[in-house]
1. Over the residues of the range 57-113, compute the C-alpha Rg and express it relative to 2.2 N^0.38 Å.
2. Are there chymotrypsin sites (Phe, Trp or Tyr not before Pro) in the range 1-93 that DSSP puts in a loop and that have at most 14 other Cβ atoms within 10 Å, and which ones?
3. So how do Asp55, Asp34, Asp71 line up by other beta-carbon neighbours within 10 Å, fewest first?
4. Going by Cα centres, the range 46-91 and the range 1-22 are how many Å apart?
5. Could you tell me whether the chain comes out rounded, prolate or oblate from its Cα gyration tensor? Rule is a ≥ b ≥ c as square roots of the eigenvalues, rounded for a/c under 1.5, then prolate if a/b exceeds b/c, otherwise oblate.
6. Which trypsin sites (Lys or Arg not before Pro) in the range 1-106 pass both tests, a DSSP loop state and at most 13 other beta-carbon atoms within 10 Å?
7. For every helix of n ≥ 4 consecutive DSSP H residues, a contribution of -39,500 (n - 2.57) applies; sum these over the chain, divide by its total residues, and give [θ] at 222 nm rounded to the nearest 500 deg cm²/dmol.
8. May I ask for the net charge around Leu48, where only other residues with Cβ less than 14 Å from the Cβ of Leu48 are counted and Lys, Arg are +1 while Asp, Glu are -1?
Amino acid sequence: MIDSANLYFEQERIVKLTCATIRKLAGRADSKEDIISLGGIKIILKVLAEYGIRDPILAASCLSTIVFLADEYKDIIVKEDGVNICVQILEQLIQIEAVVQSICGILAFLAND
């Protein structure tokens, strides 16, 4: 699934479906490690950076996935430039309260040790 998102990254529909599936799986404790080992955080952040600004619903979906994974994998999120990507999305979607709340929560969490 993650491989298909990488292979067909220009196909927005495939990317959206992949992100929705990852989001659902991220809510399950037994799936988190698989998501991480297959590069799930990297693809979620890549999608957020590429599509998030022009698709606030997709941005919100990606952000909720990051929230599910942040507790255990915040080092990976930071390493994959998640902070900068979140700030870029925040600057572009500042008018959307739900997105702002999600990003501020993520950034606050990532800032704490």
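1. Values: Rg = 10.4 Å, N = 57, 2.2 N^0.38 = 10.2 Å.
Dividing the Cα radius of gyration by 2.2 N^0.38 Å gives 1.02.
2. Working: sites: Tyr8, Phe9, Tyr51, Phe68, Tyr73; in loops: Tyr8, Phe9.
Of the chymotrypsin sites (Phe, Trp or Tyr not before Pro), the ones in loops of the range 1-93 whose Cβ has at most 14 other Cβ atoms within 10 Å are Tyr8.
3. On the way: Asp55 18, Asp34 12, Asp71 9.
Arranged by neighbour count, lowest to highest, Asp55, Asp34, Asp71 become Asp71, Asp34, Asp55.
4. 15 Å
5. Values: a/c = 1.67, a/b = 1.10, b/c = 1.52.
Taking the square roots of the gyration eigenvalues as a ≥ b ≥ c, the chain is oblate.
6. Arg28, Arg54
7. Numbers: 7 runs with 92 residues, N = 113.
Calculated at 222 nm, the ellipticity per residue is -26000 deg cm²/dmol.
8. Numbers: positive: Lys16, Arg23, Lys42, Lys46, Arg54; negative: Glu12, Glu50, Asp55, Glu80, Asp81, Glu91.
Net charge around Leu48: -1.
Readers should treat all values here as calculations from the given coordinates under stated rules, not as data from a laboratory. Here the structure is a predicted model, which means the values were calculated and not measured. When we count neighbours, we look across all protein chains shown, and the Cβ atoms used for this are built from the backbone with ideal geometry, even at glycine.
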